[in-house]
Amino acid sequence: MKNLLIKSVIASGVVLSLATITRPATAASFAVSIENAGVQNAQLSNLVNAHVDNFDAETTGYSATAFQWKDGTTTIGSYNNGLINNANQYGGAGGSGKYFDVDTNNGSKQTVSTLSLTTPQSYFGLWWSAGDASNVLTFLSQGKVVYSMTTADVVNYIAKLSNKSSYYSNPNSAFKNQNSGEPYAFINFYDVGGTFDQVQFTNVGGTGFESDNHTVATSYKSITGDVVTQAVPESSSVLGVFTIGFVGAASVMTRRAKKKSVLQLS
């Protein structure tokens with residue numbers, strides 16, 4: 001019995017180790033939500049140490065080296081492969097100023113732009129304008145992917161809402177009701193399991209990935225908006241593996257005990 005218990009515990013440890021090793025790097029430790037239709041900013045009162053980039057101070061056009069994100073004298077991060085456009089029917093919060101874009105049609109064949117942050121953050125938000133299912137957001141920590149989401153998930157979520165039509169077309173007076181075939185929404189990304197230090201914006205199709213009012217925060221008070229993707233804390237999955245391991249060991253011991261009892265009665 002003692003040897004069996006030791007073997008069972010060892011086996012359980014192997015199961016735990018394998019589960020931990022093979023757990024995908026993109027485990028759902030993020031909660032994703034959207035704000036009400038027409039909202040183009042993060043709920044700053046809900047965020048701790050928040051910073052917002054509206055791109056209005058940047059030079060219009062494409063740059064491979066792009067630009068730095070500064071808040072006063074503080075450097076929040078830097079972008080590469082940056083494309084800045086003047087407000088139009090596809091982007092520009094408030095209907096004025098400038099916005100950030102990843103667009104394969106600008107002559108640069110740009111498909112990915114990366115925001116590298118000076119300090120790890122646990123929240124990121126953006127006004128996603130003229131949205132389509134070809135946009136991908138990927139979050140990394142020390143070079144490793146911690147979460148990735150295709151905006152097709154948001155498109156599908158909005159499509160199921162009773163007020164889905166209120167998310168479609170540019171909501172700003174300067175371009176009111178233009179581009180009615182695409183959604184506009186402010187999206188929140190909450191890392192409930194840790195932090196990230198890079199955000200990648202990828203456009204996998206021949207369209208654009210337009211956004212504005214990029215917002216980061218080191219912490220947050222609660223998850224706001226309508227939840228598109230609910231986070232599953234990593235601790236829950238690990239606890240589940242522990243449970244499976246010990247239940248498995250207990251099951252083997254029980255079967256052995258029953259078998260021994262039957263032999264004694266024979």
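Taking the stretch 139-179 as the range and being of a type in the set (A, V, I, L, M, F, W, C), assigned to a helix (DSSP H, G or I) and in contact (Cβ under 8 Å) with a residue 12 or more places away in the chain as the test, the residues that pass are Ala152, Val154, Val155, Ile158, Ala174, Phe175.
Among the residues of the stretch 74-81, is there at least one that is touching a strand residue (DSSP E or B) at 6+ places or on another chain (Cβ under 7 Å), in contact (Cβ under 8 Å) with a residue 60 or more places away in the chain, among the aliphatic types (A, V, I, L, M) and closer than 12 Å to Phe201 by Cβ? No, the stretch 74-81 contains no residue that is touching a strand residue (DSSP E or B) at 6+ places or on another chain (Cβ under 7 Å), in contact (Cβ under 8 Å) with a residue 60 or more places away in the chain, among the aliphatic types (A, V, I, L, M) and closer than 12 Å to Phe201 by Cβ.
Is it true that some residue in the stretch 49-67 is in a strand (DSSP E or B), surrounded by fewer than 14 Cβ atoms within 10 Å (Cβ to Cβ) and modelled with pLDDT of 95 or more? Within the stretch 49-67, none of the residues are in a strand (DSSP E or B), surrounded by fewer than 14 Cβ atoms within 10 Å (Cβ to Cβ) and modelled with pLDDT of 95 or more.
To keep it simple, each residue is scored yes or no on (1) modelled with pLDDT of 95 or more; (2) assigned to a helix (DSSP H, G or I).
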{"position": "Gly181", "(1), (2)": "yes, no"}
{"position": "Phe189", "(1), (2)": "yes, no"}
{"position": "Gln200", "(1), (2)": "yes, no"}
{"position": "Gly205", "(1), (2)": "no, no"}
{"position": "Ser237", "(1), (2)": "no, yes"}
{"position": "Ala249", "(1), (2)": "no, yes"}
{"position": "Thr254", "(1), (2)": "no, yes"}
{"position": "Lys258", "(1), (2)": "no, yes"}
{"position": "Val262", "(1), (2)": "no, yes"}
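So for the stretch 87-97 (the condition being touching a residue at least 60 places away in the same chain (Cβ under 8 Å) and in a strand (DSSP E or B)), does at least one residue qualify? Yes, the conditions are met somewhere in the stretch 87-97.
Quick check: is even one residue across the stretch 73-90 farther than 29 Å from Tyr168 by Cα, crowded, with 18+ Cβ neighbours inside 10 Å and either under 18 Å from the mean Cα position of the chain (by Cα) or not β-branched (Val, Ile, Thr) (or both)?
Checking the stretch 73-90: at least one residue is farther than 29 Å from Tyr168 by Cα, crowded, with 18+ Cβ neighbours inside 10 Å and either under 18 Å from the mean Cα position of the chain (by Cα) or not β-branched (Val, Ile, Thr) (or both).
The values are calculated or read from the model by the stated rules, or taken from the named source; none is laboratory data. In this text, all values refer to a predicted model and were calculated from it rather than measured experimentally. Note that each Cβ is placed from the backbone with ideal geometry, even for glycine, and that neighbours are counted across all protein chains shown.
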